[in-house]
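The values are calculated or read from the model by the stated rules, or taken from the named source; none is laboratory data. Remember, it's a predicted structure, so these values are computed and weren't measured experimentally. Methodologically, a virtual Cβ is constructed for each residue, glycine included, from the backbone with ideal geometry; neighbour enumeration extends over all protein chains shown. Accessible surface areas use protein heavy atoms only, side chains included; no ligands, DNA or RNA. Shrake-Rupley method; radii C 1.70, N 1.55, O 1.52, S 1.80 Å.
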Amino acid sequence: MKKITVTIDTEYIPASSLLKLAGVVESGGQASYEIEQGHVTMDGVVLKEKRKKVRPGSTVVLNREYAIYVTEE
């Protein structure tokens with residue numbers, strides 16, 4: 001599994017935006033599709049909302065291929 005660290009300077013980032021920022025999807029539409037299909041988990045729980053707030057300290061996994069660790073600045 002490829003590990004990616006994303007640093008944010010806000011309280012949270014929406015899940016779909018995080019996937020784009022991490023470079024694991026090419027568009028917001030693709031991010032939404034992956035979430036809708038149940039391919040994305042946050043801290044071990046399948047995401048149902050594309051605008052789910054992801055806060056520093058969380059780990060988002062896409063297709064068991066990418067692990068995105070969110071840290072704060």
**Complete:** Phi angles of segment 33-42, converted by Karplus (6.51 cos²θ - 1.76 cosθ + 1.60, θ = phi - 60°) into ³J(HN,Hα) in whole Hz with x for Gly and Pro, give 4, 4, 5, 4, 7, x, 8, 10, 10, 10
**Fill in**
Nearest-0.05 FRET efficiency for Glu36 and Lys2 at R0 = 25 Å, using Cβ-Cβ distance, is 0.65
**Asked** Share of antiparallel DSSP beta bridges in the chain, in percent to the nearest 5?
**Response** 60 percent
**Asked** How many Å² of accessible area per residue for the chain, probe 1.4 Å?
**Response** 62 Å²
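Assuming a ≥ b ≥ c are the square roots of the Cα gyration tensor eigenvalues, decide whether the chain counts as rounded (a/c under 1.5), prolate (otherwise, with a/b larger than b/c) or oblate. Intermediate results must be reported in sequence, preceding the final value.
Working: a/c = 1.42, a/b = 1.31, b/c = 1.09.
Cα axes put the chain in the rounded bin.
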**Complete:** Over the chain, the sum of -39500 (n - 2.57) across DSSP H runs of at least four, divided by residue number and rounded to 500 deg cm²/dmol, gives at 222 nm -6500 deg cm²/dmol
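What GluC sites (Glu not before Pro) in segment 1-71 are in a loop by DSSP, with at most 16 other Cβ atoms within 10 Å of the Cβ? The partial results should precede the final answer.
Details: sites: Glu11, Glu26, Glu34, Glu36, Glu49, Glu65; in loops: Glu11, Glu26, Glu49, Glu65.
Sparse-neighbourhood loop GluC sites (Glu not before Pro): Glu11, Glu26, Glu49, Glu65.
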**Request:** Taking the Cβ of Gly28 as the centre, find all other residues whose Cβ is under 13 Å away and add up their charges (Lys, Arg: +1; Asp, Glu: -1).
**Result:** 0
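Pairs of alpha-carbon atoms within less than 8 angstrom and 6+ residues apart define the contacts here; what relative contact order does segment 5-57 have, in percent? Intermediate values should be presented prior to the final figure.
On the way: 57 pairs, mean separation 23.5, N = 53.
Over segment 5-57, the number comes to 44 percent.
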**Asked** At what distance in nm do the modelled label points of Glu65 and Val46 sit from each other, each positioned 7 Å from its Cα along Cα→Cβ?
**Response** 1.9 nm
